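Values in this text are rule-based calculations from the coordinates and carry no lab data. Since this is a predicted model, take the numbers as computed values, not measurements. No Cβ is skipped: glycine too gets one built from the backbone with ideal geometry, and neighbour counts run over all protein chains shown.
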Amino acid sequence: MIITRAAAGSTAAAPVAELVAIRNGAVAWTSTLPSPRTDFELSDSQIIEVIDSTATGATTPSTTLKALSVSTGAQAWTLNVTGRVNDLTPFNGGTYAVVVIPASTSGASPTRSLVAISGSGTILWSIAI
């Protein structure tokens with residue numbers, strides 16, 4: 001079982017959250033999240049964290065996906081994606097990500113893509129949706 005909780009030392013002014021893996025009634029491992037609002041998804045034997053990594057002042061958002069091993073909590077891979085990852089859906093051997101890049105001009109449409117990511121963190125394919 002994977003849950004989130006407030007990390008030790010977390011305060012209302014400076015909240016810190018962590019993932020907690022519970023196995024056989026005991027804590028197996030913990031991992032501090034970069035933000036209390038970090039999303040995550042269980043995909044096969046990995047937990048994938050969705051981290052907003054947009055630089056201050058950037059015109060295009062970016063997202064970092066970080067995969068952790070469910071069994072050990074060790075980092076398996078990271079992948080930087082241009083755009084905001086709005087949704088993750090596991091499939092056998094990987095994860096689909098819906099990625100949105102906001103329109104660069106007023107009145108224009110955003111770019112949406114479905115991206116297939118392998119279990120080792122490489123992009124298999126991407127298609128506009």
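3J(HN,Hα) along region 62-74, derived from phi through the Karplus expression 6.51 cos²θ - 1.76 cosθ + 1.60 where θ = phi - 60°, amounts to 9, 10, 10, 9, 10, 9, 10, 5, 4, 6, 10, x, 6 Hz, with x in place of Gly and Pro.
Panel order for LEU79, LEU65, by other beta carbons found within 10 Å of each beta carbon, from fewest to most: LEU79, LEU65. When VAL16, VAL50, VAL70 are arranged by Cβ crowding within 10 Å, least crowded first, meaning fewest neighbours, the order is VAL16, VAL70, VAL50. Once the Cβ-Cβ distance of THR32 and ASP52 is raised to the sixth power relative to R0 = 22 Å, the FRET efficiency obtained is 0.85. When Rg and Dmax of the Cα atoms in Å is calculated for this entry, the matching label among (i) 17.4, 65; (ii) 54.8, 185; (iii) 16.0, 54 is (iii).
Evaluating 6.51 cos²θ - 1.76 cosθ + 1.60 at θ = phi - 60° for every residue in region 40-45, the Karplus couplings come out as 8, 9, 7, 9, 6, 9 Hz, glycine and proline recorded as x.
In this structure the amide hydrogen of ASP39, modeled in the peptide plane, comes within under 5 Å of the amide hydrogens of VAL50, none closer than 5 places in sequence on its chain. Of ALA12, ALA28, ALA108, the residue with the greatest mean-square motion in the GNM of the chain, using alpha carbon springs below 10 Å, is ALA12. Would you give the gap between the C-alpha center of region 4-22 and the C-alpha center of region 23-83, rounded to a whole Å? That distance is 15 Å.
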